[in-house]
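What follows is a set of notes on a single structure, which appears directly below.
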Amino acid sequence: MKKTHFWRFLEIVPGAIIWMAFIAPVVLTFIAPAVVATYVIIFDLYWLYKSILMGYHLVKGYFQMHHDMRVDWLEKCRNIQPDELVLDWKKIYHVVIFATYKEEVETLIPSLQSVVDSDFPKQKIILVLATESRDSERARRISAQLKEKFENKFFKFIITEHPEIEGEVKAKGANVRWAAQSLQNFIDNKNISYEDVIVTTCDADTRFHKKYLASLTYKYITNPNRDHRSFQPIPLYSNNIWHAPAFSRVIAFGNSFWQLIEATRPWRLINFSTHAMSLKTLVEIDFWDVTVVNEDSRQFWRAYFKFDGDHEVVPVFIPVYMDAVLANDYWQTVKNQYLQKKRWYYGVEHFPYVVINSIKNKQIPFWDKLVKNYRLFEANYSLATSSIYIAVIAWLPILFGPNFHETVLAQNMPIIIRVLLALTWGGLIASMAISMLLLPPKPPGFGKRKTLEMIAQWIFIPVTAIFFSSFPAIDAQTRFMLGKYMTFWVTEKKAVDA
């Protein structure tokens, strides 16, 4: 889509508003401190409500996932009778596209092996290894090793090498688009119906639960509107969770928890990282956008507007396991974690696209578009501002407000804030409990002290929220506002022994 002056204006809006949100209370502290104090109390009440609500949905999501992991989904597929609304599961082919760039074979082998270990018939699985010509020497060496080990394990093992193409952002979207087009040629040659092919795209470190493909199959074949749907498993960043430092573990669990929470509210759910669509859907929406950094969430919006609002994400309450951020040393891990978050929070790049397409598309109900635009804006705004408001802005009137300390509100404000924040511990306790339940088996060499660390690590929440949520969100939105556009940054994957 061609960028207009209005598009550029919309690029500026999110960053400008967050900076206004920071500057305004600082100025008002010296003019009307009671106004700032009142707003902060209302803000804290709002976050207390959100904390309780998210705690409830987290527990609900965990029990739903725990239930679905015990279901024999393949047996459910066998027992269902195909008709005009339900497809025959035996005709379904699964394609798993692993996008890789600079990852070593030690990262990829467990990921591919997880597909082999799936309980879905291997003769109905096509594996695509999507590599980059920018890393051709490494890619070809690794591809040869993986092909030798896995070629005979699937119906087809396809290796693609994405060339550098002018106009494309050097990002995952361009790579998987190239791979999917190669897949399309193969499917055409085999005369397989596009509707019978489900394509899951994932990162190199993604390891699948053995029931994922069967569960996805059941949800796909029984959904009458399957061609206008995406399918989203639960990402758990736990492959190396025992080896990651405390701050990285807290962030990893936070990432997993948010997706688990959103899965219980499918009307809010948007594609994230690993997700699936039919090949028919991919062809209709022209595969992936090659001009954006965050291709996963853009995929949702492209389908949403292509199908005039008739597109939803179906949660699949089966986990896929990925790596927490872990580098060779502590400070490199800190840097990589910040850069990963900044890349994720650059999802603000979708804001102009969504607003302009909402204006253009008259077929989608107005209120549906309005709510989705609001949620997109509010999510980016909250990421940047909430932690700083709670930790910093709340205290400005007391510290700097002229004569404010003499008022009744000033005397009671610290007590009110402490009580409200203490009440949010309900959500935090739920997070602690669920995190312990989601831990993989403890590797050799880790004792009880490490388990206690897993509980104590949650005291880092205020720090991680500011330094790895607010700061990278502000950074990303400010860069976007100033026209300093980001490119894709690949998080370092350090393999550890299982």
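Counting pairs of alpha carbon atoms under 8 Å apart in space and at least six apart in sequence, what relative contact order in percent does the chain give?
Worked out over the chain, it gives 25 percent.
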For the chain, what is the charge dipole size about the Cα centre, in debye to the nearest 20, if Lys and Arg each add +1 at the Cβ and Asp and Glu each add -1 at the Cβ?
340
Among 121-131, 459-469, what's the highest-first ranking by average C-beta atoms within 10 angstrom per residue?
121-131, 459-469
Would you pull out the residues with amide H under 5 Å of I158's amide H, same chain only if 5 or more places away, H placed 1.01 Å from N?
L127, V128, L129
Expected vector for the range 274-283, Karplus 3J(HN,Hα) from phi with 6.51, -1.76, 1.60 and θ = phi - 60°, integer Hz, x for Gly and Pro, equals 5, 7, 10, 9, 6, 5, 4, 4, 4, 5
What number does the range 73-339 give for Rg over Rh if you use C-alpha atoms and the Kirkwood radius?
0.95
Tell me the angle of helix 330-345 to the major Cα principal axis of the chain, expressed in degrees between 0 and 90 and rounded to the nearest ten.
80
Given the C-alpha centroids of the range 17-79 and the range 235-255, what is the distance between them in whole angstrom?
20
Taking R0 as 51 Å and r as the Cβ-Cβ distance between A144 and E195, the FRET efficiency 1/(1 + (r/R0)^6), rounded to the nearest 0.05, comes to 0.90
Hey, can you grab everything whose amide H is under 5 Å from the amide H of L326? Only 5+ residues off in sequence or another chain; H modelled, so Pro and N-termini drop out.
K494
If you average the C-alpha positions of the range 363-394 and of the range 154-184 separately, how far apart do those two centres end up, in angstrom?
34
Within the set K102/K484; K170/K306; K149/K341, which residue pairs have Cα atoms separated by over 29 Å?
K149/K341
Per-residue counts of other Cβ atoms within 10 Å, averaged by peptide: what ranking do you get for 99-105, 228-234, 49-55, highest first?
228-234, 99-105, 49-55
Could you please rank I359, I434, placing first whichever residue has the fewest other Cβ atoms within 10 Å of its Cβ?
I359, I434
Protection proxy ranking of 208-215, 450-457 - average other beta-carbon atoms within 10 Å, highest first
208-215, 450-457
Long-range amide H partners of K170, meaning residues 5 or more apart or on another chain whose placed amide H is closer than 5 Å, are F488
Where does each of D68, D83, D368, D289 land when they are ranked from fewest to most other beta-carbon atoms within 10 angstrom?
D83, D368, D68, D289
Of T385, F287, N239, which is farthest on the positive side of the dipole of the chain, counting Cα position, with +1 on Lys and Arg Cβ, -1 on Asp and Glu Cβ, and the Cα centre as origin?
N239
Want the number for Y56 to K360: 0.36 nm per residue separation, take away the alpha-carbon distance, what's left?
105.7 nm
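Helix-derived [θ] at 222 nm for the chain: sum -39500 (n - 2.57) over DSSP H runs of at least 4, divide by residue count, nearest 500?
Rounded to the nearest 500, the figure is -18000 deg cm²/dmol.
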Taking θ = phi - 60°, what integer Hz values does the Karplus form 6.51 cos²θ - 1.76 cosθ + 1.60 yield along the range 353-366, in sequence order, with x for Gly and Pro?
4, 5, 4, 5, 5, 5, 5, 6, 7, 8, 7, 7, x, 4
Dipole magnitude of the range 73-339 about its Cα centre (Cβ charges: Lys, Arg +1; Asp, Glu -1), debye to nearest 20
600
Could you work out how far helix 172-189 tilts from the main Cα principal axis of the chain, as a 0 to 90 degree angle to the nearest 10?
20
Taking the Cα atoms only, what angle lies between the long axis of helix 246-263 and the longest principal axis of the chain, rounded to 10 degrees?
70
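Every number here is computed from the coordinates shown, using simple stated rules; none is lab data. These numbers were taken from a predicted model, which means no experiment stands behind them. Counting neighbours? That spans all protein chains shown, and the Cβs are built from the backbone with ideal geometry, glycine included.
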